[in-house]
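Here the structure is laid out as structure tokens; the discussion comes afterwards.
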Amino acid sequence: MSAEWLSQVVLPWVLASVMMAMGLNLTGADFVRTWHHPRRVLLGTGLQMLALPLLAWGLVLLLPLPPLAAAGLLLVALVPGGATSNMFSYLVQGDLALSVSLTAIAAVLAPFTLPLVMGWNLERLGLTAPGFSLPYWHTVGQLLLVTLLPVLAGMLLRRSLPVCWLAWLLPKVKVFTGVAMIAVVAALFISHAERLPALLSLETLAVLLLCTLGMTLGRQLARRLRLPHASVRAITVEVGVQNAGVAMMVAFVILQQPAIGLVPLLYGLLMNVPVFLWLFACLWRDRQFATAVAHRPVLSPGPAGPGEGRVHGGDEERS
């Protein structure tokens, strides 16, 4: 199986299937429930669409990355989150409805914003040759085909299927699409192994910093706004975990520049390191918190004074 066939044919189809699987897990009620708290949605969307690209530019200016690697890093910062971020939100017991809503909003906006901003980024990096142009409407169409339209198709399919069929189908679809995406990334990694930068490289440092700093930024701002700890965790994941598959598709299929796609490929593998470390730390704190609550002495009944018996800082400390 050639690297070109993997990137040009297999990757877009697998990516569309992953987004369709996400749509199968969505209902209109998810969005209605989330929009009851617009501050959380606006914070998450603003950090994804504005703060993360600025953070990526900060890393490009700080680190002496080659122009093609810098373009790959900036591309990662512009793509919407994907099913991976929703999975991590679920594992860390975050606000899954908020996570899915933020992913869906980014999937709607990115096809229209990415071509404009990425074209400007390529000009700023001095990559102005004809092979580096992003035709706007062609790019919009390609991104809609692999992101937004499969999500909508999944939501429509969910409405047409009986509940018993959905209960049987959803776990199998999640497993299939997850395994397929991992297999494609692994196959691309193997096929481009000779061209990938070494693990001890500026590119590795850049992708790890982008993920770690993005998560830190999302977590700290959400905590300062005193959001519930489940929402803090969802925003942390959504800001830090980008859809490397979309970035690879833009680089390999639309731009036809595999050299730009190597950084998203590296990101897709290495982002798991800081995310899993944070996830395990959160779950360990949850366990410690639950143990402390279980061993707390029970207060004797009677009139309580102001603030008696309250647990201070529980949600904030665990987020």
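No lab work stands behind these numbers, since they all come straight from the coordinates. Owing to the predicted nature of the structure, the values given are computational and were not obtained by experimental measurement. Neighbour counts are summed over all protein chains in view; Cβ atoms, including those assigned to glycine, are modelled from backbone coordinates with ideal geometry.
Under a point spin-label approximation (7 Å from Cα along Cα-to-Cβ), what is the residue 61-residue 216 distance to one decimal in nm?
That separation, rounded to one decimal, is 1.8 nm.
At a Förster radius of 25 Å, what calculated FRET efficiency corresponds to the Cβ-Cβ distance of residue 295 and residue 224, to the nearest 0.05? Kindly include the intermediate steps, with their values, before the conclusion.
Details: r = 31 Å, r/R0 = 1.23.
Step by step, r from the Cβ atoms, then E = 0.20.
Can you work out the FRET efficiency for the pair residue 33 and residue 159, with r the C-beta to C-beta distance and R0 = 22 Å, to the nearest 0.05? Write down the numbers at each step before the final one.
Details: r = 17 Å, r/R0 = 0.79.
It comes out at approximately 0.80.
Show me, for the range 232-240, the HN-Hα J-couplings you get by feeding each phi into the Karplus relation (A = 6.51, B = -1.76, C = 1.60, θ = phi - 60°), rounded to Hz, glycine and proline as x.
Rounded to whole hertz, the list is 4, 5, 4, 5, 4, 5, 5, 7, x.
From the phi angles alone, apply the Karplus equation (6.51, -1.76, 1.60; θ = phi - 60°) to the range 59-76 and give each ³J(HN,Hα) in whole Hz, x where the residue is Gly or Pro.
Taking θ as phi minus 60°, the curve returns 5, 5, 6, 7, 9, x, 6, x, x, 5, 5, 4, 4, x, 5, 5, 5, 4 Hz for the range 59-76.
If the chain between residue 168 and residue 284 were fully stretched, how many nm would it gain, using 0.36 nm times the residue separation less the Cα-Cα distance?
Working: separation 116, 0.36 × 116 = 41.76 nm, distance 3.22 nm.
Using 0.36 nm per residue and subtracting the Cα-Cα distance, I get 38.5 nm.
Once you have the Cα-Cα distance between residue 179 and residue 269, take 0.36 nm times their residue separation minus that, and quote the gain in nm to one decimal. Mind showing how you got there, number by number?
Numbers: separation 90, 0.36 × 90 = 32.40 nm, distance 1.42 nm.
That pair, residue 179 and residue 269, stretches by 31.0 nm at full extension.
Which ³J(HN,Hα) values, rounded to whole Hz and listed in residue order, are derived for the range 275-290 from phi using the Karplus coefficients 6.51, -1.76 and 1.60 in 6.51 cos²θ - 1.76 cosθ + 1.60 with θ = phi - 60°, glycine and proline given as x?
Whole-Hz 3J(HN,Hα) from phi for the range 275-290: 5, 5, 4, 5, 4, 5, 5, 5, 5, 5, 5, 4, 5, 5, 5, 5.
Give me the extension gain from residue 276 to residue 186: residue separation times 0.36 nm, minus the current Cα-Cα distance, reported in nm with one decimal.
Values: separation 90, 0.36 × 90 = 32.40 nm, distance 1.87 nm.
Extra length available between residue 276 and residue 186 comes to 30.5 nm.
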